[in-house]
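Below: the structure, in structure tokens.
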Amino acid sequence: MILVPGVLATLVAIAPGCDVSGATLDWGFKESFRAYIASDIANGEWTTADGATYETPSFSWTDGTGRWDPATGQGYIDFTGSVRFTGHDGLLDTTIANPTLLLNGDSGTLLLDVTGATMDGDMIDSLDVSFVDLPELAVAGDDAVRTVDAATALSADGEIAFPNYPAGEAFDPVSVTLNVGKTCSTERADDVADDGNPALMGPLAGGIALALVAGAGVFFATRRRRA
């Protein structure tokens with residue numbers, strides 16, 4: 001089933017939970033890879049653009065937006081900005097960009113756009129790659145700002161897009177802060193009206209809406225960022 005962006009926006013609007021704003025993502029990617037890039041072997045560097053920054057030992061993305069439901073732990077946060085790794089006189093030239101953090105209760109996934117040449121000379125051009133898994137996470141805090149700190153491991157899809165390491169390889173931990181406001185609504189779809197029209201009524205309608213949101217999370221994040 002394909003849902004148009006307008007429908008998805010409506011579903012997200014009526015879903016329980018909170019709008020996320022002003023989120024930040026701090027991630028060192030992989031310390032040993034950064035050390036390799038900076039070594040006399042690769043003789044390379046990294047550059048940030050489009051809002052991403054670097055301050056030892058982490059890359060940072062700011063002004064992330066999305067939605068998060070404290071009742072289920074499900075949600076997403078979109079960021080923009082890129083990091084370009086180069087080395088070996090241009091033979092290595094890989095860019096990671098536009099992270100999306102998907103939250104799925106007590107676990108998660110970090111999606112990245114990955115483009116450019118690997119150290120093996122292969123060309124990669126993949127959007128929204130499920131790059132690293134967050135096997136264990138928790139959104140901490142009960143005030144306006146919540147935090148996530150979690151270990152990461154390269155996923156099977158991440159290995160394809162970034163074949164320098166095998167799936168399961170530990171990457172640097174992520175640290176995320178998200179602003180969800182002083183109050184975080186958990187009202188159900190049948191309690192919400194849109195533009196004065198009656199809202200979806202009954203637990204069945206609410207359940208369908210929530211199922212659509214959960215099932216279309218990746219699609220919505222992708223379409224939303226590409227719009």
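The values are calculated or read from the model by the stated rules, or taken from the named source; none is laboratory data. Computed from a predicted model, the values in this text were never measured in an experiment. Don't worry about glycine lacking a Cβ; one is built from the backbone with ideal geometry, like all the others, and counts go over all protein chains shown. What goes into the accessible areas is simple: the full protein's heavy atoms, side chains included, and nothing from ligands, DNA or RNA. Shrake-Rupley method; radii C 1.70, N 1.55, O 1.52, S 1.80 Å.
When the surface is traced with a 1.4 Å probe over the full set of protein chains, residue 18 keeps roughly 10 Å² accessible. Note on residue 138 and residue 164: the extension gain reaches 6.5 nm, defined as 0.36 nm multiplied by sequence separation minus the Cα-Cα distance.
Averaged over residues, the count of other Cβ atoms within 10 Å places the peptides 63-71, 167-175 in the sequence 63-71, 167-175, highest first.
Run the paramagnetic zone check for residue 21: 7 angstrom along Cα to Cβ, then residues of region 150-187 with backbone nitrogen under 15 Å. Those under the cut-off are 178-185. Amide H contacts of residue 129 (H built 1.01 Å from N, in plane; Pro and chain starts excluded): 112, 113, 114 sit under 5 Å, all sequence-distant by 5 or more or on other chains.
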